[in-house]
Amino acid sequence: MNDLGRQLQWIDSRGSDMRIQLTELCNINSHSYNVAGVERVLDLVQARLAPLAHEVKRIPVPPAKSYDDRGQAIESPLATCLLATKRADAKVRILLNIHADTVYPPTSPFQSVGEIGANRLNGPGVIDAKGGIIVLLTALEAFEQSPLAERIGWEVIINSDEEVGSPGSSALLDEAAKRNHYGLLFEPALASGGLVSQRKGSGNYTIVVRGRAAHAGRDFANGRNAVVAASEIAVRIHEANAGFDGATINVGKITGGGAANIVPDLATLMLNGRASVPEDVKRIEDAIFHAQLAVAMREGYSVQTFGRFTSKPKMLDPKSQELLELILSAGKSIGLQLTHGASGGASDGNRLAAAGLPNIDSLGPRGGEMHSEREFVEIDSLVERAKLSFVVLAQLAENAEGHG
């Protein structure tokens, strides 16, 4: 048996341990704004990375900024990010990335892992994306036991805020994109086990509409109803979808008003835009602007818009196509007939691609129902995806000698 065969066999032997490790991570609440919980997850990951890396450190990041129902800025502290590096001066360097945060707050009843059938675990983050953490760590441990390891350098970033758009870790990821040649990200695989080759971009916006309060009975005519005005804007934005092909704007939330006998002077809209190609970003932002123009020009009203596309559309450029083909070939070498397709969801792969780093961002395990209490992982896919990622790293190392 050759060295690669021995390492693949070693990964096979880790199946039970991977399941235990995943359960331990997922039983810790690590909602994006539960700083203490995310830090506990990072402590466990750091303990695994420390024997492998030349350097492991925690990097503080700025807080996340959002807006409340009155249009006031809110700053929410975030946990640190974990950065580990090995052979940083190598000719070929690989970034491995996934996030430690989940969407489930500490108040959610969904807090622990359980079995649902012989090959499924149900739990918060089992597929998105703590399963990806376990796959990454196991593949890297196997790779570092291989004689090929000396040929390439790697950098691991475990960030703490992907589920809220990576506001704190964005600069860290942009810098990492410039230091590395390829990116391997461990977001969930497609339901079929396939790879995501393209992703829509995503942007969140808050529109704050201010009018004039008045008594609904005695002074109704002097009021300027912000709720009605915001509703007009919402309808116009929704109707703009009819003119798009591959782009969408979703009006996700509208708030405002209070007592029924007061003309409301404040309302807010929360929007999410999705863009398939870069040109869609401008189309969406133009639609948002034109939808509010009539209200903004009326006497007694003002409109403010906050937000932007934090994730640009991720396209399959030639370098990413090359990496995709390498991964498909690696899959065939271990008996996987992988497919690939587009996804409407955004990831940190969008950001890294926009910063110039070719990457494939769906090397995590198979499963489904993410962002719900039905979230599950196919247990056997933990070993499967760790073997795939190990072979990909080995192939990149074998190709490193010819890298210009």
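The values are calculated or read from the model by the stated rules, or taken from the named source; none is laboratory data. This is a predicted model, so every value here is computed, not measured. Neighbour counts run over all protein chains shown; Cβ positions are idealised from the backbone, glycine included. Accessible surface is based on the protein model in full, side chains and every heavy atom, while ligands, DNA and RNA are left aside. Shrake-Rupley method; radii C 1.70, N 1.55, O 1.52, S 1.80 Å.
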Rounded to the nearest 10 degrees, what's the angle between the helix 130-144 long axis and the longest principal axis of the chain, both from Cα atoms, 0 to 90? 30
As I understand it, the dipole of the stretch 268-404 uses +1 on the Cβ of Lys and Arg and -1 on the Cβ of Asp and Glu, about the Cα centre. Which of GLY356, GLN292, PHE376 lies farthest toward its positive end? GLN292
Which sequence of LYS86, LYS319 reflects their accessible areas, 1.4 Å probe, from the largest down? LYS319, LYS86
What aspartates and glutamates could a cross-link reach from LYS91, if we take a straight Cα to Cα line under 15 Å and drop same-chain neighbours fewer than 8 places away? GLU150, GLU155, GLU398, GLU401
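So if I place +1 on the C-beta of Lys and Arg and -1 on the C-beta of Asp and Glu, and nothing else carries charge, what would the dipole magnitude of the chain be about its Cα centre? I want it in debye, nearest 20. Before the final figure, lay out the partial values.
On the way: 40 positive and 47 negative charges, 121 e Å.
Rounded to the nearest 20 debye, it is 580 debye.
So how do ARG70, ARG87 rank on accessible area, 1.4 Å probe, biggest first, that is with the largest at the start?
Values: ARG70 145, ARG87 20 Å².
I get ARG70, ARG87, largest accessible area first.
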In whole Hz, what ³J(HN,Hα) sequence does the stretch 45-62 give by Karplus (6.51, -1.76, 1.60; θ = phi - 60°), x for Gly and Pro? 5, 4, 4, 6, 7, 4, x, 9, 9, 6, 8, 10, 8, 9, 10, x, 10, x
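Pull out a ≥ b ≥ c, the square roots of the eigenvalues of the alpha-carbon gyration tensor of the stretch 271-404, then state rounded if a/c is under 1.5, prolate if not and a/b is larger than b/c, and oblate in the remaining case. Working shown, then result.
Values: a/c = 3.83, a/b = 2.03, b/c = 1.89.
Here the stretch 271-404 falls in the prolate category.
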Along the dipole axis of the stretch 153-304 (charges at Cβ: +1 for Lys and Arg, -1 for Asp and Glu; origin at the Cα centre), the most positive-end residue among VAL196, ASN250, ILE158 is ASN250
Hey, what does the equivalent ellipsoid look like for the stretch 107-261, semi-axes from the Cα gyration tensor as sqrt of 5 times each eigenvalue, largest first, whole Å? 47, 21, 17
Out of the DSSP beta bridges found with both residues in the chain, what percent are antiparallel (nearest 5)? 75
What is the chain's relative contact order, in percent, from Cα pairs under 8 angstrom and six or more apart in sequence? 23
Gain in length, GLU325 to TRP10, computed as 0.36 nm per residue apart minus the alpha-carbon separation, to one decimal in nm? 110.8 nm
Calculated mean projected area of the Cα convex hull in nm² (choose from (1) 20.2; (2) 21.1; (3) 24.5), label: (2)
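Would you mind checking the pairs LYS57/LYS312; LYS178/LYS312; LYS178/LYS253; LYS130/LYS314 and listing those with alpha carbons more than 27 angstrom apart? Before the final figure, lay out each step's value.
Values: LYS57/LYS312 29 Å; LYS178/LYS312 17 Å; LYS178/LYS253 37 Å; LYS130/LYS314 23 Å.
Cα-Cα > 27 Å for LYS57/LYS312; LYS178/LYS253; rest within.
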Take each of the peptides 196-203, 383-390, average the number of other beta-carbon atoms within 10 Å over its residues, and list them starting from the highest. 383-390, 196-203
Sticking to Cα atoms, compute the Rg of the stretch 186-345 to one decimal and its Dmax as the biggest Cα-Cα distance, whole number, in Å. 21.9, 79
Partner aspartates and glutamates whose C-alpha sits under 15 Å from that of LYS332, ignoring same-chain residues fewer than 8 away, are GLU384
Of the candidates LEU42, PRO63, GLY367, the farthest towards the positive dipole end of the chain (Lys/Arg Cβ +1, Asp/Glu Cβ -1, centred on the Cα centre) is PRO63
Spelling it out for THR102: with amide H atoms placed in the peptide plane at 1.01 Å from N, the residues 5 or more places away or on another chain with amide H under 5 Å from its amide H are SER30, HIS31, SER32
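Using packing as a proxy for protection, rank 176-182, 131-137 so that the peptide with the highest average count of other Cβ atoms within 10 Å comes first. Each step should come with its number before you reach the end.
Working: 176-182: 18.4, 131-137: 29.3.
Result, highest mean Cβ count within 10 Å first: 131-137, 176-182.
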